[in-house]
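Visitor: Below is one structure. I have some questions about it.
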Amino acid sequence: MQNDNGNTLLAILTGAAIGAGIGILYAPDKGIETRHRIKRKVEDTSHDIAERVSHAKDELTKTANEQKDAFDKKLDEAISTMSYKADDIIDKLEQKLEELKAQNAQLHK
């Protein structure tokens, strides 16, 4: 989903830049003025894209860190639950062993 947003944003910015460029080329200005306007638009658009990419990178990093923290928490919970279950299994096995030792002792009498 994040990739779709990035592609959409890039398409919108590209379309805006192309539209602005075509608009400037058809404006009734002198050649040097048109070139300066195109240069400014390119610089503004480049700056805007750089800011948006930086923001997207920050958001992606934040989301990745949140997901990592959530995963770590779930993993700790799973290990804790498994630890309790392992203790229960060990207790049951020790009880069964004691029962078997008692039965064996009765058979040897």
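Visitor: Among the residues of the range 4-20, is there at least one that is at pLDDT 85 or above and part of a helix (DSSP H, G or I)?
Guide: Taking every residue of the range 4-20 in turn, none turns out to be at pLDDT 85 or above and part of a helix (DSSP H, G or I).
Visitor: Does the range 63-75 contain any residue that is farther than 30 Å from residue 5 by Cβ and part of a helix (DSSP H, G or I)?
Guide: Checked the range 63-75: no residue is farther than 30 Å from residue 5 by Cβ and part of a helix (DSSP H, G or I).
Visitor: Kindly establish whether residue 92 is touching a helix residue (DSSP H, G or I) at 6+ places or on another chain (Cβ under 6 Å), among the basic types (Lys, Arg) and modelled with pLDDT of 80 or more.
Guide: So residue 92 does not fit the description; no.
Visitor: Pick from 68, 74, 39: which is under 30 Å from residue 9 (Cβ atoms), modelled with pLDDT of 90 or more and basic (Lys, Arg)?
Guide: 68
Visitor: Among the numbered criteria (1) without any contact (Cβ under 8 Å) to a residue 24 or more places away in the chain; (2) surrounded by 13 or more Cβ atoms within 10 Å (Cβ to Cβ); (3) within 27 Å of the chain's Cα centre (by Cα), which single criterion is violated by residue 58?
Guide: Every condition holds for residue 58 apart from (2).
The values are calculated or read from the model by the stated rules, or taken from the named source; none is laboratory data. Values in this document were obtained by computation on a predicted structure and should not be read as measured data. FYI the Cβ positions are ideal-geometry reconstructions off the backbone, even for glycines, and counts take in every protein chain you see.
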